[in-house]
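Take a look at this one; I'll ask things after.
The values are calculated or read from the model by the stated rules, or taken from the named source; none is laboratory data. Predicted model, so just to flag it, every value in this text is computed and none were measured. Heads up, the Cβs are rebuilt from the backbone with ideal geometry, glycines too, and the neighbour counts pull from every protein chain shown.
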Amino acid sequence: MRKFFYGSKNNTTNEHTQLKKNRTRSKAMKKTTKVLSLAVALFAGLSGTAQAADPTGFKIGTDLVTSYVWRGSAIGDSPALQPALSYTFKDSGFVLGAWGSYAITSNSGSSRYQETDFYATLPVGPFSLTVTDYYIPSASFSGSDAFSFKNDGPNNAEVSLAYAQDNLSLLAAINFAGNHLDHAKYIEGGYKVYDKDGYSAKVVLGAGNEVEYAASTGGTGFKIVNVGFSVSKDRYTGSYTYNPDTKLANFALMASF
C-alpha cells in the first residue's frame, strides 16, 4: 500500500511548470472544497449505523485525506479517498486485503493519481509478514496492464516484516519484483509517546533508498527520508512529516470511516 509515481513524476519541476500548477491549484480549490464537504457529510451520515467490529471476517472502510503522504513523501497535491477492504481468517488471523488511493483533483495536463494495492498478511505473535502488490497505472510506465511485472511496468511487489509490542513498532521492507527500483529497501521505527484523554501521539523515523524515497535528489544512497509525528483522536489523525533528504515537509489530516 501507499506507493507513488516513478519515472517522469519524480523529475525536478521547472519554474514555468510550477507557476502553471500554482494557478491551477487556486482555481481547483473551490471545487475541491465542495467535493470534500459533500464527502464528509455523506460519511458522517453513514457512521451513525456503525457496529462494533468483529476481529475476523470482512472489514470495509475508507479514509479521506487532505494529502496523500507515504514514507516521507507527498504523492501529488490533491486530497484523496482511500478505500479499504479485507478479510481476516479465524484462528490463524491471516488477512487478505485491497487498498487504494484516488486523487479528487488533478494537476493541469495530467490525469488524477490512482493506486490499487493487494496484500496478504500473516501474523505470528508480535510479528507480521506482508506481501504487497502496488499497482499504479500511469503514462510514465510501459503500459498499464494490471498483471504486468516488467521492470518498467506499473506493478511493484514488496515483502515486509513488522513488529508491534506495547508502544514500539518496527518495519523492514524490500521490493522484490516488477518495477522494484534496484530492490529498494525501507526501514522504520515508531514509538507512541502519549496516550491520554482519548488522544494518542506517535513519533516516526524512517530511512530508505533515494531512488524510490527521494528520487528528486537524483541520489542512489540509503538515507533518512522520514521524520515525523502524528496525533490521533477518534476517527481523526493529523500528521507532520519531514524528509531530510529532499528537505520537504508535509502536514496532512485524515478522517477514517
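Determine which single condition residue 220 fails, assuming it passes every other condition in (1) part of a strand (DSSP E or B); (2) surrounded by fewer than 17 Cβ atoms within 10 Å (Cβ to Cβ).
(1)
Residue-wise test of (1) hydrophobic (A, V, I, L, M, F, W, C); (2) exposed (fewer than 13 other Cβ atoms within 10 Å of the Cβ); (3) on the phi < 0 side of the Ramachandran plot; (4) more than 19 Å from the chain's Cα centre (by Cα).
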| position | (1), (2), (3), (4) |
| --- | --- |
| 82 | no, no, yes, no |
| 88 | no, no, yes, yes |
| 104 | yes, no, yes, no |
| 111 | no, yes, yes, no |
| 125 | no, yes, no, yes |
| 162 | yes, no, yes, no |
| 168 | yes, yes, yes, yes |
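Being touching a strand residue (DSSP E or B) at 6+ places or on another chain (Cβ under 9 Å) and without any contact (Cβ under 8 Å) to a residue 12 or more places away in the chain is the requirement here; does residue 182 meet it?
Details: touching a strand residue (DSSP E or B) at 6+ places or on another chain (Cβ under 9 Å): yes; without any contact (Cβ under 8 Å) to a residue 12 or more places away in the chain: no.
In short, no.
Tally up the residues in the range 77-115 that are among the β-branched types (Val, Ile, Thr) and at pLDDT 95 or above, please.
Quick first cut of the range 77-115, residues among the β-branched types (Val, Ile, Thr) only: 88, 95, 104-105.
Narrowing further to those that are at pLDDT 95 or above: 88, 95.
Counting residues in the range 77-115 that are among the β-branched types (Val, Ile, Thr) and at pLDDT 95 or above gives 2.
In the range 158-189, which residues are farther than 17 Å from residue 213 by Cβ and touching an Asp or Glu at 6+ places or on another chain (Cβ under 6 Å)?
The answer is none; no residue qualifies.
Where residues in the range 147-160 are touching a Leu at 6+ places or on another chain (Cβ under 8 Å) and without any contact (Cβ under 8 Å) to a residue 60 or more places away in the chain, which of them is surrounded by the fewest Cβ atoms within 10 Å (Cβ to Cβ)?
Initially, the range 147-160 is screened for residues touching a Leu at 6+ places or on another chain (Cβ under 8 Å), giving 156, 159-160.
With the extra rule that they be without any contact (Cβ under 8 Å) to a residue 60 or more places away in the chain, the set shrinks to 159-160.
Values: 159: 14, 160: 18.
The residue in question is 159.
Turning to a different aspect of this structure: Got at least one residue in the range 136-157 being at pLDDT 95 or above and either of a type in the set (Asp, Glu) or out of contact with any strand residue (DSSP E or B) (no Cβ under 7 Å at 6 or more places or on another chain) (or both)?
Taking every residue of the range 136-157 in turn, none turns out to be at pLDDT 95 or above and either of a type in the set (Asp, Glu) or out of contact with any strand residue (DSSP E or B) (no Cβ under 7 Å at 6 or more places or on another chain) (or both).
Scan the range 228-241 residue by residue and report those that are without any contact (Cβ under 8 Å) to a residue 40 or more places away in the chain, part of a strand (DSSP E or B) and not β-branched (Val, Ile, Thr).
Within the range 228-241, 229, 230, 232, 233, 236, 238, 240 meet the criteria.
So, in the range 231-252, of the ones that are buried (at least 17 other Cβ atoms within 10 Å of the Cβ) and within 14 Å of residue 198 (Cα to Cα), which residue ends up farthest from the chain's Cα centre (by Cα)?
My answer is 232.
If you go through the range 117-131, how many residues are of a type outside the set (A, V, I, L, M) and within 12 Å of residue 161 (Cβ to Cβ)?
Result for the range 117-131: 6.
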